[in-house]
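Structure first, then comments.
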Amino acid sequence: MPSPQILPITQPPSSSPLTSRASDANSIMETSSTALDIMLLKEDDEQRTGVLVSPLFEDDKTIAYKPLLPRTSSYASSTSSSSSGSNTYKQKRRRVKSENFLSYLSGDGRHQTIDRDVENADADRAEKFLLTRFGLKLSKYIRVAFRWIARFLALGCYSLFLLPGFLQVGYYYFSSGQIRRSIPYGGKPRNKLDLYLPKHIDGPKPVVAFITGGAWIIGYKAWGCLLGQQLSERGIIVACIDYRNFPQGTMSDMIYDASQGISFLCNNIREFGGDPNRIYLMGQSAGAHIAACTLLEQAMKEVRKVESISWSVSQIKAYFGLSGGYNLLNLVDYFHSRGLYRSLFLSIMEGEQSLKRFSPELLILEEPNMGAAVSILPPIILFHGTADYSIPSDSSKTFADTLQSVGVKAETFFYEGKTHTDVFVQDPLRGGKDQMFEDLVAIIHADDAEALAKDAVAPPRRRLVPEFMLMLARSSIHCR
């Protein structure tokens, strides 16, 4: 079958008069060469080259055709050599456009267009996926940030309602001559402690080594000022031990710091009027957990006869745990739901594999050769409020049951309707009779008849914050 002949034509733009009717083309061809040259010079840059496919005809026939506009013009002969080079460039450009158009008609152009469309569609899908993923992550972070912001606002409201009491306690902390602030006990950062001394030291006084709470992140020795003031009024020395918080340190660093602070007290408290044979270890919230881990670690060191021992468990007369948690495997998800997110908590505890190591309850049950270590532990007394939402009171109950199952003397005191902050902040600020405080002092003075007699006639503590502000503070901190 004879192949079709492709006839190139020159098609001027629609705005030119040459695009009118086919009959006008003959008259244009009769125009003088000079007129054509002028037209080419003006409109050559805007020309478009097309093709026309003729009908089938015999191979041995040759059909002469004459383009509407000639492909070469007299422009080259009437201009300089530089204009000739410019005309050659224009011819090449028209030829490239024509070849591209022929390629498109033959199918290659369509395939390339389809491939480009597919590639663009894939790129669009990938971009949408990345944007969606980024949006989900961003929304998660926004939710997390919102919850933290809400908690900080609640804490701000809580502090604002209790501000009258905090101002009075703060004034006492910075002005009282009975406080020895920031005594260094080691060479690590924040290895300092505050000592609260009684007004009259007429003999060796019992000592409470207190480790403050703060979710392992915001603990500070000054948080124990209210407790130190109360106990020192009853003739008890209080040492508030500071320690490195996360991210300055992890759980191992906190235990190390607490152990160093206890060692300092055991070896130096006599110089401040304290009795080295009546030292009580106490912690509140995260501090209760740190203190329990420190006590167990020291007991295991003594059983294994580790040489570098600077204090002995036998020097601790009793352990007081206030609102503490002792089984981290049971608490990690609960803390996550309360805002102490799992990833952050595991970073504090040095990874999930270390949760058992830092869970006193699990160590007692599962650690090999723990029997000898628990046999030298002092009595364990645990205090907890039944309405505690930060650390459930069951934490103290199950820990006491575990201790009793292995022969350790353990006792619990539960306070009906009291929250995590009630027993440590609101009740002391309320004044009058503080049941938890009275129970604590009674245990410390159990073997001192004279001290018990003074406790019986001690005047009630004065109120530092009005009751309605205490109730507002309680509502704000527990409605997060």
Cα pair distances in the range 155-304, grouped into 5 Å bins until the bin that holds the longest one, percent each: 2, 10, 19, 22, 20, 15, 8, 3, 1, 0, 0
Accessible solvent surface per residue of the range 401-477, calculated while the other protein chains remain in place, 1.4 angstrom probe, Å²: 51 Å²
Cα→Cβ-extended label distance, 7 Å offset, between N267 and M471, nm: 5.3 nm
Peptide ranges 285-296, 413-424, 234-245, 328-339 listed from the most packed, as the mean C-beta count within 10 angstrom indicates: 285-296, 234-245, 413-424, 328-339
Probe 1.4 Å, accessible area per residue of the range 289-400, Å²: 39 Å²
Linear extension gain, S347 paired with S405, 0.36 nm per residue minus alpha-carbon span: 17.7 nm
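For M251, M300, give the ranking by accessible area with the largest first, probe 1.4 Å. Show your work: numbers first, answer last.
Details: M251 0, M300 30 Å².
So, going from the largest accessible area down, we get M300, M251.
What part of the accessible area of the range 197-349, given as a whole %, is carbon or sulfur when the probe is 1.4 angstrom? Please report the intermediate quantities before stating the final value.
Details: 2650 of 5200 Å².
Percent of accessible area from carbon and sulfur atoms in the range 197-349: 51.
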Spread of Cα-to-Cα distances over 5 Å intervals beginning at zero, given as percent, for the range 353-404: 4, 17, 24, 24, 18, 9, 3, 0
Label-point separation, D455 to R180 (7 Å along Cα→Cβ), nm: 2.5 nm
Taking the C-alpha atoms of the range 283-361, convex hull volume expressed per residue in Å³: 101 Å³
Calculated over the range 367-480: convex hull of Cα atoms, volume per residue (Å³): 113 Å³
Rounded to whole Hz, the Karplus (6.51, -1.76, 1.60) HN-Hα couplings of the range 362-375, x for glycine and proline: 6, 4, 5, 7, 10, 6, x, 6, 7, x, 5, 6, 6, 5
Cα centroid separation, the range 407-434 to the range 255-278 (Å): 26 Å
Cross-link pairs beyond the 23 Å C-alpha cut-off, checked among K433/K454; K356/K397; K317/K409; K205/K418; K205/K454: K205/K418
Chain lengthening between F129 and Y389 when straightened (0.36 nm per residue, less Cα-Cα): 89.6 nm
Distribution of pairwise C-alpha distances over the range 208-252, 10 Å bins, in %: 29, 46, 21, 5
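The values are calculated or read from the model by the stated rules, or taken from the named source; none is laboratory data. Remember, it's a predicted structure, so these values are computed and weren't measured experimentally. Heads up, the Cβs are rebuilt from the backbone with ideal geometry, glycines too, and the neighbour counts pull from every protein chain shown. To get the accessible areas, we keep the full protein, side chains included, count just its heavy atoms, and leave off ligands, DNA and RNA. Shrake-Rupley method; radii C 1.70, N 1.55, O 1.52, S 1.80 Å.
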